[in-house]
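Q: First the structure, which I've put down as structure tokens, then a few questions once you've had a look.
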Amino acid sequence: MSRHLLVVGAQRCGTTYLHDLLAAHPEIAMARPARPEPKVFLSDDLAGRGRDWYRETYFTHATDEALLGEKSTSYLEYAEAADRAAAMLGDPLVLVQLRDPVRRAISHWAFSTDGGLETRSLADALTANLAGPLPWDPERTSVSPFAYLERGRYTDYLGPWLSRFGADVTVLLLEDVVSSPDRVADLYSSLGVDADFRPPAAGEPVNESRQSSPELPEALLVRLRDHFRESDRALADLLGRPLPWA
């Protein structure tokens, strides 16, 4: 029986690129449709419908693939999503992809601006967020479109997933994944599929924002680096390695 795979986040950390690397592999079937993201485990109702419903809804195209995968980047932020996934799927493999939290915040601002949700300049939005969480309208979006800095404090969210799934959780860094074709082989190998396969679009950016990202003032960049210093250190300790952006 095929094992399940979840790409749980983080948002604006190259997870669409990661999805495409996975979907290209002949031993992996990714959920369809991919957009909107399934987000099954954000809902008690959907998660309670069971594994057969899950497979019949998102994997009717699958044949004999070793892995059935879903990407829903909101999962990382919700401890209850880990509990629901464990209840339905048992022991899925879990992938978390992260990146430089400052670059992530900039990408997030551009994404929210593209969507017509953000009207402030990059500098104004991030400066406001340094003062605390920004209000948002849950009637318009299921998660905050303005959590530019909160979502970059990655260790605030990893605990429930590591507690639930332990060694089945793999944390990737976008900067590593795109640095060399060997990194793609390492990814496939960690999932137990053919590591010699090379997807045709490896290294090509996807899901880029239409919004150009202005340079941050140096003083603001220093404040942002200081804001993330503690969480970056905690992440480096968790991974047992230096971070490429720190």
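Q: Taking 7 Å along the Cα-to-C-beta vector as the label spot, tell me the ALA131-ASP194 distance in nanometres, rounded to one decimal.
A: About 5.7 nm separates the two model spin labels.
Q: Enter the accessible area per residue of the range 1-113 (Å², integer; probe 1.4 Å; all protein chains in place). Can you show the working numbers first?
A: Details: 4130 Å² over 113 residues.
I get 37 Å² per residue for the range 1-113.
Q: Which ³J(HN,Hα) values, rounded to whole Hz and listed in residue order, are derived for the range 235-246 from phi using the Karplus coefficients 6.51, -1.76 and 1.60 in 6.51 cos²θ - 1.76 cosθ + 1.60 with θ = phi - 60°, glycine and proline given as x?
A: 5, 4, 5, 5, 7, x, 7, x, 8, x, 9, 9
Q: Principal axis extents for the range 77-196, Cα atoms only, whole Å, descending order, please.
A: 46, 36, 23
Q: Given bins 10 angstrom wide, list per bin the percent of all Cα-Cα distances in the range 130-191, short to long.
A: Each 10 Å bin holds this share of Cα pairs: 17, 30, 33, 19, 2.
Q: Where in the chain lies the longest segment free of GluC sites (Glu not before Pro) that are both loop residues by DSSP (not H, G, I, E, B) and have at most 15 other Cβ atoms within 10 Å? All intermediate terms of the calculation are to be shown ahead of the outcome.
A: Values: sites that count: GLU139, GLU208, GLU215.
It works out to 1-138.
Q: Roll a 1.4 angstrom probe over the protein heavy atoms and tell me the percent of accessible area of the chain that is carbon or sulfur.
A: On the way: 5720 of 11680 Å².
C and S atoms contribute 49 percent here.
Q: Which residues' amide hydrogens lie under 5 Å from the amide hydrogen of LYS71, considering only partners 5 or more residues apart or on another chain, with H built in the peptide plane?
A: VAL7, ALA31
Q: Given Cα pairs under 8 Å that are at least 6 residues apart, what percent is the relative contact order of the range 117-246?
A: Working: 65 pairs, mean separation 35.0, N = 130.
Result for the range 117-246 is 27 percent.
Q: Between the range 31-86 and the range 1-26, what's the alpha-carbon centroid distance in Å?
A: 12
Q: I've got another one for you. Taking Cα atoms, how many degrees apart are the long axis of helix 181-190 and the longest axis of the chain, rounded to 10 and kept between 0 and 90?
A: Tilt of helix 181-190: around 50 degrees.
Q: Provide the convex hull volume over Cα atoms per residue for the chain, in Å³.
A: On the way: hull volume 32.0 nm³, N = 246.
About 130 Å³ per residue, rounded to a whole number.
The values are calculated or read from the model by the stated rules, or taken from the named source; none is laboratory data. Remember, it's a predicted structure, so these values are computed and weren't measured experimentally. A quick note on method: Cβ atoms are made from the backbone with ideal geometry, for glycine too, and the neighbour counts reach across all protein chains shown. Keep in mind that these areas ignore ligands, DNA and RNA; they rest on the heavy atoms of the full protein, side chains included. Shrake-Rupley method; radii C 1.70, N 1.55, O 1.52, S 1.80 Å.
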